[in-house]
Amino acid sequence: MAEAQRERAMRSDSLRNRDAILKAAAECLTANPRATLADIAHAAGIARITLYGHFSSRSDLVKALLSSSMNHVEEELSSVDVSGDPWRVLEALVASSWRLMNSLSVLRGVAEQALPDEDMHGSHVDTRERVEHLLARGRAEGAFRSDQSIRWQSSCYFALVHGAASEIRAGTLTEAEVQKELMPSLRTLLQEPPTP
């Protein structure tokens, strides 16, 4: 009985340490994208060896942070009502996605530098499926154009959302500019082209 309690306490400590590391990593890397594992361990209030017990490298930590961040994104986006008019749903998804991507833009930049492309693309599976399902429904209802592949339109959607966040991070666009132009750009992408 005492042994089982000790094991539960150790697992609980381990989970607390992991959560503290991820929280510290998000804060440190947002403040300084070049933050080291030593910086992160210090911010988490743990020894570096404890951090290495959870994450063997900076890439492993960044990958776990990306996964944790995308789980948060998925939780937020799953609350968006995806029934009803496809254009209204798209606007709601864009508003939520934009807000989330903007808040995570620095971490995404760190992840893009630290991780291979397949890890970056794989992190969007649920979000991509939601967008592609909406695109398919919008086509079936005659709201969205159907002369391009759904995969292409989905890729353009994510390129615009992520590109906008990157431009703000670089200081070349303001949030107000992106909020004004993002949805009209997506409308241009998805509306049926005028008949000649």
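Of everything listed in (1) in a helix (DSSP H, G or I); (2) at pLDDT 70 or above; (3) touching a helix residue (DSSP H, G or I) at 6+ places or on another chain (Cβ under 8 Å), the single unmet condition for Ala143 is (1).
Here is a check on your reading of the model: is Ser68 of a type in the set (Gly, Ala, Ser), out of contact with any Pro (no Cβ under 9 Å at 6 or more places or on another chain) and surrounded by 16 or more Cβ atoms within 10 Å (Cβ to Cβ)? Yes; evaluated as a whole, the condition is true for this residue.
The values are calculated or read from the model by the stated rules, or taken from the named source; none is laboratory data. Owing to the predicted nature of the structure, the values given are computational and were not obtained by experimental measurement. Methodologically, a virtual Cβ is constructed for each residue, glycine included, from the backbone with ideal geometry; neighbour enumeration extends over all protein chains shown.
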